[in-house]
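**Student:** Right, I'll just put the structure down here and ask away after.
The values are calculated or read from the model by the stated rules, or taken from the named source; none is laboratory data. No experiment lies behind these values; they were computed from the predicted model shown. A quick note on method: Cβ atoms are made from the backbone with ideal geometry, for glycine too, and the neighbour counts reach across all protein chains shown.
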Amino acid sequence: MDISGFFQAILLAVMVILISVGLDRLFIQVVPFRSLYYAIRLPGVVLHEISHMIGCLVTGAEIRKVVFFSKEGGSVTYSEPGIPILGTVIISTAPLFFLPLILAGLTWIFTTYFGCIVPPVVPLTGDLVAGSEDMIKNIIIIFSQNLIDHPNGWFFLYLFLCGSIVLSLAPSAQDFKNAAIGIGSLLAICLLIVNYGFGPGIALISLIASPMITAFSTGLLFEMITVIVVLPFIILFVVRRT
């Protein structure tokens, strides 16, 4: 993978974050009862905070307080990480990388033990338009196979868990504030490396970009699935408002 993969990973990350935030705000409007909204969000929020905790453990930060769920969401309070600048970035953006792994693991469990049919996620590399078309085809296969060709009641539980996780993919506003300096510094360093054509640095960036693209492609796939699931409720909400 060349350096273009890095910029593609950044683009996918922005898309995943924006869609996740948009879906969460949409759910607040569409779900009729706030208690139901909290119930839908619960699994994803808990996993979101666990991902921050894992980030703390990886970077040597002391975990001081954990709130897994409240009306304001969850939170993890921690000390300064042992890795300067980069540590805060890792902790703050951990959900973007950890939760797609959970989605992949969840998919393996439901396909292996509960008979759900879900094609493997194909990373969006190269032509994003062609990759998006393949993603749409996979989504059609997922719904047709599990709802029409081989109806499976477990598929609904799978959709619920995936949807809950998708709503928590994006780092919070506070996460971005915590990591703003680190993210800006890393992007500036990467751009300098690319601008001056520093070979070893470009090779390292390309190596890191590959798993990033896979993670973000996974998140994007399940975001699209969640959009399709919630679409009838959106239409109903709009009709009622008008």
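**Student:** Of the numbered conditions (1) farther than 14 Å from Phe98 by Cα; (2) assigned to a helix (DSSP H, G or I), Asn152 satisfies every one except a single condition; which is it?
**Tutor:** Result: Asn152 passes all but (2).
**Student:** Within the range 159-173, is there a residue that is touching a residue at least 24 places away in the same chain (Cβ under 8 Å), within 16 Å of Ile85 (Cβ to Cβ) and part of a helix (DSSP H, G or I)?
**Tutor:** For the range 159-173, residues touching a residue at least 24 places away in the same chain (Cβ under 8 Å), within 16 Å of Ile85 (Cβ to Cβ) and part of a helix (DSSP H, G or I): absent.
**Student:** In the range 18-36, what residues are more than 19 Å from the chain's Cα centre (by Cα) and hydroxyl-bearing (Ser, Thr, Tyr)?
**Tutor:** Ser35, the sole residue that qualifies.
**Student:** Another one. Listed residues Leu42, Leu23, Leu47; which is surrounded by fewer than 18 Cβ atoms within 10 Å (Cβ to Cβ) and assigned to a helix (DSSP H, G or I)?
**Tutor:** None of the others qualify; the one that does is Leu42.
**Student:** Continuing with this model, one more query. Identify all residues within the range 188-209 that are of a type in the set (Ser, Thr, Tyr) and exposed (fewer than 12 other Cβ atoms within 10 Å of the Cβ); write none if there are none.
**Tutor:** Correct list: Tyr196 only.
**Student:** Under 30 Å from Val46 (Cα atoms), small (Gly, Ala, Ser) and surrounded by 18 or more Cβ atoms within 10 Å (Cβ to Cβ): which single residue out of Ser185, Ser168 fits that description?
**Tutor:** Ser168
**Student:** Now a separate question. Quickly run through the range 94-138 and pick out the residues that are at pLDDT 90 or above, assigned to a helix (DSSP H, G or I) and among the β-branched types (Val, Ile, Thr).
**Tutor:** Of everything in the range 94-138, those that are at pLDDT 90 or above, assigned to a helix (DSSP H, G or I) and among the β-branched types (Val, Ile, Thr) turn out to be Ile102, Thr107, Ile109, Thr111, Thr112.
**Student:** Another question about this same structure. For the list (1) loosely packed, with under 15 Cβ neighbours inside 10 Å; (2) farther than 28 Å from Phe233 by Cα, I need the number of the one condition that Ser132 fails.
**Tutor:** (2)
**Student:** Right, something else. Could you go through the range 32-44 and let me know if any residue there is more than 24 Å from Gly219 (Cβ to Cβ), basic (Lys, Arg) and touching a Phe, Trp or Tyr at 6+ places or on another chain (Cβ under 9 Å).
**Tutor:** no
Let's see how each residue does on (1) assigned to a strand (DSSP E or B); (2) exposed (fewer than 13 other Cβ atoms within 10 Å of the Cβ); (3) in contact with a Leu (Cβ under 8 Å, 6 or more places away or on another chain); (4) β-branched (Val, Ile, Thr):
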| site | (1), (2), (3), (4) |
| --- | --- |
| Gln8 | no, no, yes, no |
| Met15 | no, no, yes, no |
| Ile19 | no, no, yes, yes |
| Tyr37 | no, no, no, no |
| Val66 | yes, no, no, yes |
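**Student:** Let me ask something additional. Based on this model, can you work out whether Asn178 counts as part of a helix (DSSP H, G or I), over 13 Å from Thr226 (Cα atoms), modelled with pLDDT of 90 or more and in contact with a helix residue (DSSP H, G or I) (Cβ under 7 Å, 6 or more places away or on another chain)?
**Tutor:** no
**Student:** Looking at the structure I just gave you, is Ile63 among the aliphatic types (A, V, I, L, M) and either modelled with pLDDT under 85 or in contact with a strand residue (DSSP E or B) (Cβ under 6 Å, 6 or more places away or on another chain) (or both)?
**Tutor:** Spelling it out, Ile63 is indeed among the aliphatic types (A, V, I, L, M) and either modelled with pLDDT under 85 or in contact with a strand residue (DSSP E or B) (Cβ under 6 Å, 6 or more places away or on another chain) (or both).
**Student:** Of the conditions (1) out of contact with any helix residue (DSSP H, G or I) (no Cβ under 6 Å at 6 or more places or on another chain); (2) closer than 25 Å to Ala180 by Cβ; (3) of a type in the set (A, V, I, L, M, F, W, C), Ile136 satisfies every one except a single condition; which number is it?
**Tutor:** With respect to (1) out of contact with any helix residue (DSSP H, G or I) (no Cβ under 6 Å at 6 or more places or on another chain); (2) closer than 25 Å to Ala180 by Cβ; (3) of a type in the set (A, V, I, L, M, F, W, C), Ile136 is out only on (2).
**Student:** Inside the range 212-233, can you point out the residues that are surrounded by 14 or more Cβ atoms within 10 Å (Cβ to Cβ) and either at pLDDT below 85 or among the polar types (S, T, N, Q) (or both)?
**Tutor:** Within the range 212-233, Met212, Ile213, Thr214, Ser217, Thr218, Thr226, Val230, Phe233 qualify.
**Student:** Taking only the range 68-91 into account, find how many residues are within 19 Å of the chain's Cα centre (by Cα) and assigned to a helix (DSSP H, G or I).
**Tutor:** Selection size over the range 68-91: 4.
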